[in-house]
1. Could you go through region 134-144 in sequence order and give the Karplus-derived ³J(HN,Hα) for each residue, using 6.51 cos²θ - 1.76 cosθ + 1.60 with θ = phi - 60°, rounded to whole Hz, and x for Gly and Pro?
2. So how do 321-328, 248-255 stack up, highest first, on mean other-Cβ count within 10 Å?
3. Of all DSSP beta bridges located in region 20-171, what percent are antiparallel, nearest 5?
4. So what is the 222 nm mean residue ellipticity for the chain from helices alone, if each DSSP H run of at least 4 adds -39500 (n - 2.57) and you divide by all residues, rounding to the nearest 500 deg cm²/dmol?
5. Quick one: dipole size for region 180-240, taken about the Cα centre, charges +1 on Lys/Arg Cβ and -1 on Asp/Glu Cβ, in debye to the nearest 20.
6. For the chain, what is the charge dipole size about the Cα centre, in debye to the nearest 20, if Lys and Arg each add +1 at the Cβ and Asp and Glu each add -1 at the Cβ?
7. Show me the ranking of peptides 147-160, 335-348 by mean Cβ neighbours inside 10 Å, starting with the highest.
8. Rolling a 1.4 angstrom probe over the protein heavy atoms, how many square angstrom per residue are accessible across the chain?
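The values are calculated or read from the model by the stated rules, or taken from the named source; none is laboratory data. Nothing here was measured: the structure is a model prediction, and the numbers come from that model. Glycine also receives a Cβ, built like all others from the backbone with ideal geometry; neighbour counts cover every protein chain displayed. Heavy atoms of the whole protein, side chains included, go into the accessibility calculation; ligands, DNA and RNA do not. Shrake-Rupley method; radii C 1.70, N 1.55, O 1.52, S 1.80 Å.
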Amino acid sequence: MSDRGRQGEPSSEDVRFGREEMLRLFQELSESGRRMLILTDHHTRQHCLPRLPLIGFSNSHTFSVPPGESSKSMDVVTGIWQALSDHHFDRHDVLVNLGGGMVCDLGGFAASCFKRGVAFVHVPTSLLAMADAAVGGKTGINFAGAKNQIGTFQSATAVVINSEFLDTLPLRELQAGYAEVLKHFLIHDADAWHRAASGLHLPTDWNPVLEAAVRTKLHFTMADPTEKGIRKALNFGHTIGHALESHFLQQTAMPPLLHGEAVAAGMACEAFLACQRRLLRKTAFEEVWQTLHRIFGKIDFEVEDVAGIAAWCLQDKKNAGGKVNCTLLKGIGGFALDQWCTLKELEGCLQAYHSGFEERILP
Ligand SMILES: NC(=O)c1ccc[n+]([C@@H]2O[C@H](COP(=O)([O-])OP(=O)(O)OC[C@H]3O[C@@H](n4cnc5c(N)ncnc54)[C@H](O)[C@@H]3O)[C@@H](O)[C@H]2O)c1
């Protein structure tokens, strides 16, 4: 294993697939004599840690944090730094992040700051982390109530994607992760999208799906590691998706949406907007909506809440001058950046979604 991916070099990534590659990576780690700290959350410690090939490691330790977004915090990072200090870690050693996107973001951030950057390896265990969070070099924690406010751009030294970990992932998490996979296909890989759209529900063989999804993610992140331009394409579905997520967080009577569930609805709304702007044909929109609806169903909210949900879009990081900046589809497999939208248009999309896109006349 090389020392690639040091701070400031996020452009190339060593991404490997399958159990054999995982065995090889751990063999390399063992032979290198590095100390290793394995970061898990309590679920991945129970379900995934026993699957790591750790026999023969004399110098490995584990550190487990509570599952969920609340662990992406400064307090938890301090705990990880303390553990690295206690085990006398230096830049030659390695932090292994074994978990979903939460563990990858958290561990990546902790490692990228400790002693100005120790090596870290991602072993993603959720579909979302395999297809998205573990690749591309974004790390981060939440701060002052806002997501991912503090973070670094820092690629993992290696990422190893073994779809066998998905065996224990709860079905709702698996389904939500699939939304990000479909987003990758919609903006960049029309063939993979059409294959997914012709399936009835979730794929049974994840390996080709993951390889295609990661190829797309790398296409954007290697071209634009620090999100100055083309990487913004990956935000398709996220403007309205984040607004729905924030709205549901405020509704104490309703369970929060998973990120992917909100993104699926956001993609349907934003595909509708693309269709209204004649960036997407009506038949293509219908295929997008029918596929998303079949897999994710429809999120329930009150029509009276539409204006409030649309207003959340004003918080989006990409906005400027009080206008909302969306990435929209430009045909299937293409995208249009910097599409400025009014609140009225966003409300129109949400209303159309609410009615199942039945009452709207498309061009
Ligand atoms: N860095 C990036 O580019 C990027 C991209 C997208 C999302 N993210 C971040 O990723 C996070 C969301 O990731 P997530 O959806 O994986 O959530 P998560 O990491 O919280 O995992 C979801 C749940 O699944 C459990 N889990 C994970 N793998 C499991 C397995 N194999 N078996 C049993 N349980 C398992 C976890 O313990 C958790 O309860 C968010 O914090 C988001 O900000 C980062």
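1. Values per residue, Gly and Pro as x: 7, 10, x, x, 8, 10, x, 10, 8, 8, 6 Hz.
2. Working: 321-328: 18.1, 248-255: 10.8.
Output ranking for 321-328, 248-255: 321-328, 248-255.
3. Details: 5 of 23 bridges.
Approximately 20 percent, going by the DSSP bridge assignments.
4. Working: 12 runs with 156 residues, N = 363.
Helix contribution divided over all residues of the chain: -13500 deg cm²/dmol.
5. On the way: 7 positive and 7 negative charges, 42 e Å.
For this selection, approximately 200 debye.
6. Working: 35 positive and 41 negative charges, 155 e Å.
Approximately 740 debye in magnitude.
7. Working: 147-160: 21.1, 335-348: 17.0.
Highest to lowest by the protection proxy: 147-160, 335-348.
8. Numbers: 15570 Å² over 363 residues.
For the chain, the solvent-accessible area averages 43 Å² per residue.
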